[in-house]
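K.L.:
Questions regarding the structure given below will be posed in turn.
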Amino acid sequence: MVSVHACPLAKLGGRDSGGMNVYVRELARELGRRGVEVDVFTRWREKDDPQIQSLGANARVIHIPCGPMGYWPKMDVYEHLDEFTTTLDDYVAAQGTTYDLIHSHYWLSAEVARSLAPKWRVPRVQMFHTLGLVKREVMDEDIDGESDVRVAIEKRAVRESAAVTAASQIEVGELLDLYDADRAKLHIIPCGVDPNVFRPMRQVDAREALGRDSCERIVLFVGRIEQIKGIDVLLRALGLLFFRHPEFRNDLCLLVVGGALDPNDDAPETDKLHELRRLVHQHRMEANVSFVGSMDQQRLALFYAAADVCAVPSLARPWSARAWAVFRRSSRTASPGCWCRPATTRLSRSRSRSS
């Protein structure tokens, strides 16, 4: 596997560390448990990490030196892809290792696989996790627009890969409509939930463990702190709710899980988080909204179990189904809720006409 920017063992919830990291990690582990040997190649980002780390039986992460250590924005990573590819190829040659196929994750890894697959004479399988053209439809291009470079790489990968895996029928539709994909190459492999971690538990027990007994109603958001996650939409909706129903201020809490809040992280509190805090202040919601930072999965399970509602205001649709699966698994509430914002309300004009 190639996962250039997303190490499977990275701390979750910070900048560029989230669901994709978990997906790659758990997929590699499960393949290893089934007797398939898996090496996951990723950029060496943390200086204290050993070059090779075990993921479990038959599965390991191999960190490839590429430029300075630490966090890089994705386009900076792109500028060093040739270096990453060459170093990876040299490492594999020095080890005398051969592989049966390359499974690349995200558009950055697609470009690496495009160079190595013909040289190694192996097929390549691609999973994008997110798509540039989809993000373009829902984001402000002047602020967070996806580059033409990304879109071009994605289109080549769709055309040239032996197979493309998607997490849902929605993603298949996007690949067909926006990328003119070959339907025969597309395969849906839904994201899973680990029932040993995200298991049902009593809401009162989860709240007591988190020290959140005082909240009568808990709304939960889980995700990275970035524009496409739509947290500002959720905060404005909460502010509107309090304006129309001020009595809810006394018993409703919003918990925002995610974000690199530790000043020792290589990507501490971001400008986006400062913007969200200003929005909280604007609506006088300091007593109702808590930014709790990133959590390991064991503790994250408590948050899901403690919540009455899991809010998914993401501007792109695939995340809604994934969050709902975890929340439904963790909650014992008779009718657990999931607020999912329809992505179609933010589509571009040209897309809206065709919808």
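K.L.:
Determine whether Glu83 is modelled with pLDDT of 95 or more, over 30 Å from Val222 (Cα atoms) and either buried (at least 16 other Cβ atoms within 10 Å of the Cβ) or out of contact with any strand residue (DSSP E or B) (no Cβ under 8 Å at 6 or more places or on another chain) (or both).
P.N.:
Yes; evaluated as a whole, the condition is true for this residue.
K.L.:
Tell me which residues, restricted to region 144-169, are farther than 30 Å from Asp271 by Cα and buried (at least 16 other Cβ atoms within 10 Å of the Cβ).
P.N.:
Listed by number, the residues that qualify are Lys155, Ala157, Val158, Ser161, Ala163, Val164, Thr165, Ala166, Ala167, Ser168.
K.L.:
Enumerate the helices (runs of 4 or more DSSP H) found wholly within region 154-273, keeping only those where 1 or more residues are under 20 Å from Arg299 (Cβ atoms), more than 25 Å from the chain's Cα centre (by Cα) and among the small types (Gly, Ala, Ser).
P.N.:
203-210
K.L.:
Glu154 - would you say it is in contact with a helix residue (DSSP H, G or I) (Cβ under 7 Å, 6 or more places away or on another chain), acidic (Asp, Glu) and closer than 18 Å to Thr42 by Cβ?
P.N.:
No; evaluated as a whole, the condition is false for this residue.
K.L.:
So which residues in region 32-46 are among the basic types (Lys, Arg) and over 14 Å from Lys11 (Cβ atoms), if there are any at all?
P.N.:
Of everything in region 32-46, those that are among the basic types (Lys, Arg) and over 14 Å from Lys11 (Cβ atoms) turn out to be Arg33, Arg34, Arg43.
K.L.:
Which residue, of Tyr91, Tyr78, Tyr71, is in contact with a Leu (Cβ under 7 Å, 6 or more places away or on another chain) and touching a residue at least 12 places away in the same chain (Cβ under 8 Å)?
P.N.:
Answer to the selection: Tyr78.
The values are calculated or read from the model by the stated rules, or taken from the named source; none is laboratory data. Note that this is a predicted model, so its numbers are computed, not measured. Don't worry about glycine lacking a Cβ; one is built from the backbone with ideal geometry, like all the others, and counts go over all protein chains shown.
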